[in-house]
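Report on one structure; see the data block that follows.
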Amino acid sequence: MASADKPPAGLVIACAAGAVVSMAAGVYFGGTGRLPLAMAGTGLFVLLGGLAFELARRRSA
């Protein structure tokens, strides 16, 4: 894999930061009893966390 095919580090960091923020929001909304918002935050966490993991894996290859 050529260096040009690697995703930029900023994109990996942005996806990971988005995952952290969405999980924090999910925990907050779950604690306040707003379960639909908590589940949405958890879903975004899974989506963004998986994307960040995949981008980081491609970057390290």
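Structure notes:
- Single residue of the stretch 21-58 satisfying the filter (among the small types (G, A, S) and touching a residue at least 40 places away in the same chain (Cβ under 8 Å)) that is farthest from K6 (Cα to Cα): A52
- All of (1) open to solvent by 60 Å² or more (accessible area, probe 1.4 Å); (2) without any contact (Cβ under 8 Å) to a residue 12 or more places away in the chain; (3) among the small types (G, A, S) hold for A17 with one exception: (1).
The values are calculated or read from the model by the stated rules, or taken from the named source; none is laboratory data. Predicted model, so just to flag it, every value in this text is computed and none were measured. Virtual Cβ from ideal backbone geometry, glycine too; neighbours counted across all protein chains shown. SASA here: full protein model, heavy atoms, side chains in, ligands and nucleic acids out. Shrake-Rupley method; radii C 1.70, N 1.55, O 1.52, S 1.80 Å.
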